[in-house]
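The values are calculated or read from the model by the stated rules, or taken from the named source; none is laboratory data. Remember, predicted model here, so these are calculated numbers, not experimental data. Please note: Cβ atoms are built from the backbone with ideal geometry, for glycine as well, and neighbour counts cover all protein chains shown.
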Amino acid sequence: MVALAYFCFKRRFHTYFQEGCFNFVIGTDWNAVEGRESFGALPYIIGTLVSSTIAMAIAVPISVGIAIFITEMMKNKFGTILSFVVELLAAVPSIIYGLWGLFVFRFWIRDYVEEPLHNTFGGFPLFAQAPFGLDVFTAGIILAIMIIPIITAVSREVIKAIPHSQKEAAYALGATRWEMVKTAILPASKTGLMGATFLGLGRAIGETMLVTLVIGNAIGLAAIPTSLFSQSQTLSSIIANEFLNEASNDLHL
């Protein structure tokens, strides 16, 4: 970790020297033309946060619900098969999700979700922009689909590790199944569930190719999302789009 931090700081020293660390973080201009270079990371920081927030808001409750369903509601062969399916989905490469999102899913989202929301609530800034299908909303949903298996797999193991006697104690006190989940499982597993959530968050923040394919890849000030249907970019996607082939000098690289 120390070597990684040293390498990144050493290679970014040119940027800090020209832009200043604070200006680099809050800047919005992005111009790679040699002699007129100007690099500001704020639009891509915001795009990363917005897409990851959408993904986590969708993925966490669904993932925890699936984990509870597998471990407590479906303790038979079907539950075992479902567990295997979840683990297989967690192993699917992100580029597969990205290509599926680009050629299939974005049209479903645009036609059946974004356009009805825009037509109904277009007066609100959150839904004001005309939907195109390649935006932070689509990116967030596909990110959620990608990280649901990861959070579910870890959450399932956490819930399975809770002592059976703790669940029996809740039943002995007259709790129903849902009351047992609420009073015995969730409080005892909250630390592990938080860890699973942060694993999913790390995957969502660092995801590259999936986001690059579906987020719209706007540049500069236009990359700051003003609505759910705005095109944007993340820190990872800007690296993927401009690495090596586009980076013509040391400062840009």
Lone unmet requirement of (1) at pLDDT 90 or above; (2) of a type in the set (Lys, Arg); (3) within 21 Å of Ala153 (Cβ to Cβ) for Lys77: (1)
Inter-residue pairs, beta-carbon under 9 Å, first closer than 13 Å to Leu253 by Cβ and in contact (Cβ under 8 Å) with a residue 12 or more places away in the chain and in region 5-18, second part of a helix (DSSP H, G or I) and not acidic (Asp, Glu), 6+ apart: Thr15/Cys21; Thr15/Phe24
Pair list, Cβ under 8 Å, 6 or more apart: region 196-210 residue closer than 15 Å to Thr48 by Cβ, other residue of a type in the set (Phe, Trp, Tyr) and surrounded by fewer than 24 Cβ atoms within 10 Å (Cβ to Cβ): Leu210/Tyr97
Residue among Ser51, Ser63, Ser83, Ser38 that alone is among the hydroxyl-bearing types (Ser, Thr, Tyr) and either surrounded by fewer than 17 Cβ atoms within 10 Å (Cβ to Cβ) or farther than 29 Å from Gly195 by Cβ (or both): Ser38
Qualifying residue in region 19-28 (condition: touching a Leu at 6+ places or on another chain (Cβ under 8 Å), of a type outside the set (A, V, I, L, M) and closer than 15 Å to Asp250 by Cβ): no
For Glu114: the one exception among (1) surrounded by 16 or more Cβ atoms within 10 Å (Cβ to Cβ); (2) out of contact with any Pro (no Cβ under 8 Å at 6 or more places or on another chain); (3) over 22 Å from Glu242 (Cβ atoms); (4) at pLDDT 90 or above: (2)
Those residues of region 137-150 which are of a type in the set (A, V, I, L, M, F, W, C) and either surrounded by 24 or more Cβ atoms within 10 Å (Cβ to Cβ) or more than 15 Å from the chain's Cα centre (by Cα) (or both), in sequence order: Phe137, Ala139, Ile142, Leu143, Met146, Ile147
One residue from Ala188, Ala139, Ala175 being within 29 Å of Phe107 (Cα to Cα) and among the hydrophobic types (A, V, I, L, M, F, W, C): Ala139
Set Phe7, Phe39, Phe17: member being touching a strand residue (DSSP E or B) at 6+ places or on another chain (Cβ under 7 Å) and either aromatic (Phe, Trp, Tyr) or at pLDDT below 80 (or both): Phe39
Residues being surrounded by fewer than 22 Cβ atoms within 10 Å (Cβ to Cβ) and among the aromatic types (Phe, Trp, Tyr) - total across region 200-243: 1
Qualifying helices (runs of 4 or more DSSP H) (wholly inside region 137-253; at least 1 residues being at pLDDT below 90 and aromatic (Phe, Trp, Tyr)): 164-172, 177-180
Top-ranked residue in region 118-136 [being in a helix (DSSP H, G or I) and free of Cβ contacts under 8 Å to residues at least 60 places away in the same chain; ranked as nearest to the chain's Cα centre (by Cα)]: Phe121
Residue in region 33-41 that is closer than 22 Å to Leu228 by Cα and within 19 Å of the chain's Cα centre (by Cα) present: yes
Selection from region 194-253 of residues that are more than 17 Å from Leu42 (Cα to Cα) and among the acidic types (Asp, Glu): Glu207, Glu246, Asp250
Failed item, numbered, when Leu82 is tested on (1) touching a helix residue (DSSP H, G or I) at 6+ places or on another chain (Cβ under 9 Å); (2) in contact (Cβ under 8 Å) with a residue 24 or more places away in the chain; (3) not in a loop (DSSP other than H, G, I, E, B); (4) not hydroxyl-bearing (Ser, Thr, Tyr): (2)
Which numbered condition Lys75 fails, given (1) buried (at least 20 other Cβ atoms within 10 Å of the Cβ); (2) farther than 26 Å from Thr48 by Cβ; (3) of a type in the set (D, E, K, R): (1)
